Amino acid sequence: MQGVEQAVRHWLESVVVGLNLCPFAAATVREQRLRIVVSRAEEPVALLDDVQDEINRLDDRPATELDTTLIAIPRMLSRFDAYLDVLDEVERLLKRQGRIGVYQVASFHPAYRFDGLPPDDPSHLTNRAPVPLIHLLREASLEAAIDSYPDVDGMPERNIGLMEELGAEKMRKI
């Protein structure tokens, strides 16, 4: 499982931070306030238990110590549609617990695909990762980062432009 964590960390440092896809991530990574967890789950119920454990961990620590968690899922959810079903379950879990607005879920998957776009559209590359990931973010930290960033609305377009420029083959190499 250590190889999975290393692959996720490499992706995080070289793609997300290295290409500045998320300008908010650099400080969190540099200050070691991001946790990467490799789930051993092989079924959705076990994965939801892992998600719950990470929500509890975030609840128990201040943002200055632990701000966000990436849950890597190497043993299941290789099909993107199955992954989306589990993301819906994670959202329902947060809703049941009254944590919508406290935590937000971001999604990354090796076969990520935005709905309604052709399979080879470069925009999909912005959310592709080495393994399926569930990213739990503190809503308050995200809002503070957004408030301090000059052009949040332009980020998706800039990232898509970068993906068009680099192309799928170069992104696979990175």
* Run the numbers on the chain and let me know its relative contact order in percent, using alpha-carbon pairs under 8 Å that are six or more apart. => 24 percent
* Please go through the range 100-130 and write out the chymotrypsin sites (Phe, Trp or Tyr not before Pro) that DSSP classes as loop and that have at most 15 other C-beta atoms within 10 Å. => Phe114
* To do: Scan the range 40-140 for trypsin sites (Lys or Arg not before Pro) in coil per DSSP, keeping those whose Cβ has at most 15 other Cβ atoms within 10 Å, and list them by number.
  => Arg40, Arg79
* **Under 20 Å from the Ala140 label point (7 Å along Cα→beta-carbon), backbone N, the range 18-47** => 24-25, 27-29, 31-35
* **Simple label model, 7 Å out from Cα along Cβ direction - Asp85 to Arg35, nm** => 2.9 nm
* **the chain, dipole about Cα centre (Lys/Arg Cβ +1, Asp/Glu Cβ -1), debye to the nearest 20** => 440 debye
* Asked: Can you work out the FRET efficiency for the pair Ala26 and Asp49, with r the C-beta to C-beta distance and R0 = 35 Å, to the nearest 0.05?
  -> 0.65
* Helix-only CD estimate at 222 nm, as mean residue ellipticity for the chain, using -39500 (n - 2.57) per DSSP H run (n ≥ 4) -> -14500 deg cm²/dmol
* Asked: Using the heavy atoms of the protein chains alone and a 1.4 angstrom probe, what is the accessible area of the range 85-174 per residue in square angstrom?
  -> 58 Å²
* To do: Using Cα centres only, tell me the gap between the range 102-174 and the range 34-50 in whole Å.
  => 21 Å
* Asked: Roughly what % antiparallel, to the nearest 5, for the DSSP beta bridges in the range 57-174?
  -> 90 percent
* Asked: Using θ = phi - 60° and the Karplus curve 6.51 cos²θ - 1.76 cosθ + 1.60, what whole-Hz ³J(HN,Hα) does each residue of the range 152-162 get, with Gly and Pro shown as x?
  -> 4, 5, x, 4, x, 5, 4, 5, 5, x, 5
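The values are calculated or read from the model by the stated rules, or taken from the named source; none is laboratory data. This one's a predicted model, so the numbers in the text were calculated from it and none came from an experiment. Glycine gets a Cβ as well: all are built from the backbone with ideal geometry, and neighbour counts include every protein chain shown. Quick note on the areas: whole protein, heavy atoms, side chains included, nothing else; ligands and nucleic acids left out. Shrake-Rupley method; radii C 1.70, N 1.55, O 1.52, S 1.80 Å.
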